[in-house]
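The values are calculated or read from the model by the stated rules, or taken from the named source; none is laboratory data. Bear in mind that the values here come from a model prediction, so they are computed numbers and not experimental data. With ideal geometry, Cβ positions are generated from the backbone for all residues, glycine too; neighbour counts draw on all protein chains shown. We work out accessible area using only protein heavy atoms, side chains counted, and drop any ligands, DNA or RNA first. Shrake-Rupley method; radii C 1.70, N 1.55, O 1.52, S 1.80 Å.
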Amino acid sequence: NVLDRVLGLTAVRRDGSEISVELTAWEIDDAGRRTFNAFIRDISARLAAAAAIARLAAVVEQSRDAILTLDLTGTILNWNRGAEDIYGYRADEMIGLKASSILSPPGGDADRDAVRDRLELGQASGRELTLTRADGRSITVSVTSSPILDAHNQLVAVSSISRDISDQQA
């Protein structure tokens, strides 16, 4: 039965090309006269966008670099596998915490305000920091912080990508 359900289907255009569609059909009983109505919606662009997002998520998750997303209060929203390897903390330990509570250099982060100012201007900021891993070992990381802007060019979050460069410091 196809009535009162949303079905995902492949349709063929007049030119022979295929597209993904949603079909919604329903019955109307008007004083004993039954009619059927249907809407067909092209969802090809939506499915392509979802596939692109899934590919990007896989790239982030499989990266050996630490890739984090922070909200404007500095709370960690995302923590990938590379971050687990570099910093030694699991994602479930970190998501929801303030990044500064764990990922700050000894003595504080004097450049934090300058980085924030650049981000609010829509500019990325790069720097090197010496941080302490979960196991107590010091590491040097190259960090690039990039703004995540909304449709109105307002800063809504921050992307942070870090690479362990400790071996290059010797």
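Structure above, values below:
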read-out	value
Residue pairs meeting the criteria (Cβ under 9 Å; at least 6 apart or on separate chains; first over 19 Å from residue 68 (Cβ atoms), in the range 139-154; second assigned to a loop (DSSP other than H, G, I, E, B) and of a type outside the set (A, V, I, L, M, F, W, C))	153/122
Residue check, residue 53 outside any helix (DSSP H, G or I) and surrounded by 10 or more Cβ atoms within 10 Å (Cβ to Cβ)	no
Count of residues meeting criterion [touching a strand residue (DSSP E or B) at 6+ places or on another chain (Cβ under 8 Å), of a type in the set (Gly, Ala, Ser) and part of a loop (DSSP other than H, G, I, E, B)] in the range 82-108	2
Tally of residues being open to solvent by less than 60 Å² (accessible area, probe 1.4 Å) and not acidic (Asp, Glu) across the range 58-82	14
Residue in the range 18-28 that is open to solvent by 80 Å² or more (accessible area, probe 1.4 Å), under 24 Å from residue 135 (Cβ atoms) and in a strand (DSSP E or B) present	no
Breaking point among (1) surrounded by 14 or more Cβ atoms within 10 Å (Cβ to Cβ); (2) over 16 Å from residue 144 (Cβ atoms); (3) at pLDDT below 95, for residue 99	(2)
Some residue of the range 110-124 being buried (at least 16 other Cβ atoms within 10 Å of the Cβ) and not in a helix (DSSP H, G or I)	no
Test: residue in the range 126-143 that is in a helix (DSSP H, G or I) and open to solvent by 60 Å² or more (accessible area, probe 1.4 Å)	no
Among (1) open to solvent by 100 Å² or more (accessible area, probe 1.4 Å); (2) over 30 Å from residue 164 (Cα atoms); (3) assigned to a loop (DSSP other than H, G, I, E, B), the one test that residue 36 misses	(3)
Out of 91, 45, 66, 58, sole residue that is free of Cβ contacts under 8 Å to residues at least 12 places away in the same chain and either of a type in the set (Asp, Glu) or within 30 Å of residue 139 (Cα to Cα) (or both)	58
Given (1) open to solvent by 70 Å² or more (accessible area, probe 1.4 Å); (2) aromatic (Phe, Trp, Tyr); (3) at pLDDT 95 or above, number of the condition residue 89 does not satisfy	(1)
